[in-house]
Amino acid sequence: MADAFPPPEEWDAAAADRFRDECFEPGLRRIFRSVVTDRIPTDERPPHSALLFGPEFGPFASDREFASDFYNDIHHQGISNAYTAQAVPMVAALASDERVPADERASLTTLLFHIATEIDRLTADCWPRQHPQSDPAAAARARAAVRRTLPELAARWDTASLGVRLALAALCASFPEEPASFPLLERTGALAEDLHDSRPLSGFLHFALLTGTAPEEALHTRVDELTASYWRPTPRELPARQRAVHLLDQMLAWLRWKVLPNLAE
């Protein structure tokens, strides 16, 4: 495979080595493989881990190209497949390991939120029809698998980056009945108060707390208020929490795209 991409003749040996490292083995892939090797027994690794260990995968020109293939293999175009549930423990291990860069842990936690809320979000998007590619049984198994990882993920709150905490807040709001969510939802409210100078961040956190704790009608009312002014609306015939997680997803995507990068500058 390497011969298919020969470096220019004028490159020296060190430059050629860097080219191979960057194109065929991005650093993120090496980190992911290290974490999975250490934390997931060989006989428990999902089929998706072939992207980390199989020499037939690649070349990857960058970390982002590798990550795109990795995430899409697990949750293809936002749809769970028959093996997505098996991949969830691997994703949770990566999302909670300090060797993985903080931005990537936020992306992995967001992926778990997307897996957990797939049925609700697709229902809100396609109502009254069903998404033509969805597999409700696979999505339900994957959601149950995410639920089992909540204690491990919630335990990372105190040391997590802001990006990870935002995704964790959305994730726990999606499981308001789960015991691991209770203390984290309280911390979500406290973090919202700490970030009161940033209306987008505090507003998102307050809405995550509302999603996990508010009565149905109060939640409907707040979703109506927010979607009437800015966000993409959803039918009021749907349960309020389905509408709320659909809105949380929109908010989280916007914060990760527009707000968090500016905080890092």
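The values are calculated or read from the model by the stated rules, or taken from the named source; none is laboratory data. Quantities reported herein were computed from a predicted structural model and do not represent experimental measurements. Backbone-built Cβ (ideal geometry, glycine too); neighbour counts: all protein chains shown.
For region 233-243, residues that are assigned to a helix (DSSP H, G or I) and either more than 22 Å from Ile119 (Cβ to Cβ) or without any contact (Cβ under 8 Å) to a residue 60 or more places away in the chain (or both) total 1. Only one of the numbered conditions (1) over 23 Å from Arg143 (Cβ atoms); (2) part of a helix (DSSP H, G or I); (3) touching a helix residue (DSSP H, G or I) at 6+ places or on another chain (Cβ under 7 Å) is not met by Arg99, and that is (2). Residue check: is Asp73 farther than 19 Å from Asp103 by Cβ, charged (D, E, K, R) and touching a His at 6+ places or on another chain (Cβ under 6 Å)? In short, yes.
Each residue in region 104-148 was checked for being buried (at least 16 other Cβ atoms within 10 Å of the Cβ) and either within 17 Å of the chain's Cα centre (by Cα) or not β-branched (Val, Ile, Thr) (or both), and 31 pass. Taken over region 52-70, the criterion of being hydroxyl-bearing (Ser, Thr, Tyr) and either surrounded by 19 or more Cβ atoms within 10 Å (Cβ to Cβ) or part of a loop (DSSP other than H, G, I, E, B) (or both) is satisfied by Ser62 alone.
When the test is whether a residue is of a type in the set (Ser, Thr, Tyr), out of contact with any Phe, Trp or Tyr (no Cβ under 8 Å at 6 or more places or on another chain), modelled with pLDDT under 95 and farther than 21 Å from Leu112 by Cα, Ser202 does not pass it. Here the condition is being part of a helix (DSSP H, G or I), in contact (Cβ under 8 Å) with a residue 60 or more places away in the chain, under 24 Å from Ala173 (Cβ atoms) and not basic (Lys, Arg); of Ala87, Ala138, Ala92, it holds for Ala92 alone.
Screening region 160-199 for residues that are among the polar types (S, T, N, Q) and at pLDDT 95 or above and picking the one that is nearest to Leu111 (Cα to Cα) gives Ser174. Of the residues contained in region 197-209, none is found to be basic (Lys, Arg) and touching a residue at least 40 places away in the same chain (Cβ under 8 Å).
Among the candidates Ser49, Ser34, single out the residue that is among the hydroxyl-bearing types (Ser, Thr, Tyr), at pLDDT below 95 and either exposed (fewer than 12 other Cβ atoms within 10 Å of the Cβ) or assigned to a helix (DSSP H, G or I) (or both). Only one candidate qualifies: Ser49.
Taken over region 89-103, the criterion of being of a type in the set (Asp, Glu) and either within 19 Å of Glu65 (Cβ to Cβ) or surrounded by fewer than 18 Cβ atoms within 10 Å (Cβ to Cβ) (or both) is satisfied by Glu98, Asp103.
Residues are listed down the side, and each one gets a yes or a no for (1) part of a helix (DSSP H, G or I); (2) among the charged types (D, E, K, R); (3) more than 25 Å from Ile115 (Cβ to Cβ):
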{"site": "Arg165", "(1), (2), (3)": "yes, yes, no"}
{"site": "Pro176", "(1), (2), (3)": "no, no, no"}
{"site": "Glu186", "(1), (2), (3)": "yes, yes, no"}
{"site": "Leu219", "(1), (2), (3)": "yes, no, no"}
{"site": "Val223", "(1), (2), (3)": "yes, no, no"}
{"site": "Leu226", "(1), (2), (3)": "yes, no, no"}
{"site": "Trp231", "(1), (2), (3)": "no, no, no"}
{"site": "Asp249", "(1), (2), (3)": "yes, yes, no"}
